[in-house]
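First up is the structure itself, then whatever we jot down about it.
The values are calculated or read from the model by the stated rules, or taken from the named source; none is laboratory data. Computed from a prediction, not measured in an experiment: that's the story for all the values here. In this analysis, Cβ positions are derived from the backbone assuming ideal geometry, glycine residues included, and neighbour counts consider all displayed protein chains. Just so you know, the surface numbers come from the protein's heavy atoms only, side chains and all, with ligands and any DNA or RNA stripped out. Shrake-Rupley method; radii C 1.70, N 1.55, O 1.52, S 1.80 Å.
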Amino acid sequence: MDPFLSSRLAEAAAWVEEGLSSLGMYSDGTRLPAHCRYALSAGGKRLRPFLVREACLALSGDPDRALPAGCSVEMVHTYSLVHDDLPSMDDDDFRRGLPTLHRRVGEGTAILAGDRLLTEAFRTLAGTPGPPGRTGEMILRLADASGAGRLVGGQYMDMFPPEAADKAWITRMVSGKTAALLRVSLELGALAAGASMEVVDRLSKLGEEFGFLFQLTDDILDVTGSKEEMGKAVGKDVSRGKWNPVTALGLSEAEAEARSRADRLSSGFMELGGGWRAVSSLCLYLPRRRS
Ligand code: GRG
């Protein structure tokens, strides 16, 4: 990995870790905050906070203003993983290299921990310093990304696919399940930096493309990766006969598609200016990632 990218990823991870550990949610006198903490700190890559921070830095913003957004997207993402792993959804025993939360503490507690992470995310975001109108716009965008038409809607589509899923259906599903949170991370970082709506809209489109590339590389790793590398079960799409670009096109065509999407997207970010070097480098790295 490009050393510049790896140092910026490490900086973002330390940044959001510090933000998360200073939130009041860890001390309410019950064990629930500790269960949220277990799910949150179990070795995630922190890609969404990285995107928030990079967008803010690239647009000359103060990362302190973006920290509530960085923490909130990671909380929404972690809640979605906790709920997705439940027996009534994807039924997984292993996540981020550790037993899933419901395997440790039971389903009811895992559901509540997820609920708590989701609600706490919005309370955290509401504490963003700066003009109230901007903070309101950020809350609205995170709600849209997390809600019916996006994350929740995409997960529902994934759980109940039609007999023959066409390209438009797959695009909507991936746009919701995977791209929504990655895309809104760039938007929130830009809003925290005080960027114009024109810039936010441009980033939104690149964020959507980033989401599709990320899902494609996730599908590839479901075939080529190991449980140890990924920190979760692999091979599930093939064993369930699930449609995705890898099962449909074959591995080598899907890998070629990932490389060409990565090249295009990396150039798209560089066209925005030099401050986007780390994000652009991440795009090029995604087809080679192992976790
Ligand atoms: C329960 C509303 C609800 C949604 C669940 C998370 C999810 C949606 C489904 C899990 C399966 C999946 C393939 C989701 C697509 C997004 C994705 C690849 C998530 C994993 O993100 P990473 O790799 O995870 O950034 P870490 O653990 O590194 O944070």
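At q = 0.11, 0.25 Å⁻¹ the log10 of I(q)/I(0) for the range 110-198 amounts to -0.38, -1.20, computed by Debye summation with a single uniform scatterer per C-alpha, solvent ignored. Atom-type composition of the exposed protein surface of the chain places 54 percent of the accessible area on carbon and sulfur (1.4 angstrom probe).
Residues of the range 3-288: accessible area per residue at 1.4 Å, in Å²?
Details: 12520 Å² over 286 residues.
Accessible area per residue, the range 3-288: 44 Å².
Around the amide H of R95, modelled in the peptide plane, lie the amide H atoms of T100, all under 5 Å away and 5 or more residues distant in sequence or on another chain.
Close lysine pairs were tallied over the range 3-288: pairs 8 or more places apart or on different chains with Cα atoms under 29 Å apart number 20. Taking every alpha-carbon pair in the chain and binning the separations at 5 Å intervals from zero gives 1, 6, 12, 17, 19, 19, 14, 8, 4, 1, 0 percent.
Can you bin the range 44-117 into rounded, prolate or oblate? Criterion: square roots of the alpha carbon gyration tensor eigenvalues sorted a ≥ b ≥ c, rounded for a/c under 1.5, prolate for a/b above b/c, oblate for the rest. Prolate, since a/c reaches 1.5 and a/b exceeds b/c.
In a fully extended conformation the segment linking R123 and T171 would gain 14.2 nm over its present Cα-Cα distance, using 0.36 nm per residue. Paramagnetic label reach from D93 (point 7 Å along Cα→Cβ; backbone nitrogen cut-off under 18 Å): within the range 223-239, residues 226-237, 239. Helices of the chain meeting both criteria, an alpha-carbon length of 30 angstrom or more along the long axis and an average Kyte-Doolittle score not below -0.5, with helices taken as full DSSP H segments, are 63-84, 197-224.
In whole percents, the pair-distance distribution calculated for the range 149-264 from its alpha-carbon pairs, binned every 5 Å from zero, is 2, 11, 18, 21, 21, 14, 7, 4, 2, 0.
For the range 251-291, a crude dipole built from +1 on the beta carbon of Lys and Arg and -1 on the beta carbon of Asp and Glu, taken about the Cα centre, is about 200 debye to the nearest 20.
For the chain, what does -39500 (n - 2.57) per DSSP helix run (n ≥ 4), summed and divided by total residues, give at 222 nm, in deg cm²/dmol to the nearest 500? Present the calculation step by step, with values, prior to reporting the outcome.
Details: 16 runs with 202 residues, N = 291.
It lands at -22000 deg cm²/dmol.
Put a plus charge on the Cβ of each Lys and Arg, a minus charge on the Cβ of each Asp and Glu, and nothing anywhere else: the dipole of the chain about its Cα centre is then about 300 debye.
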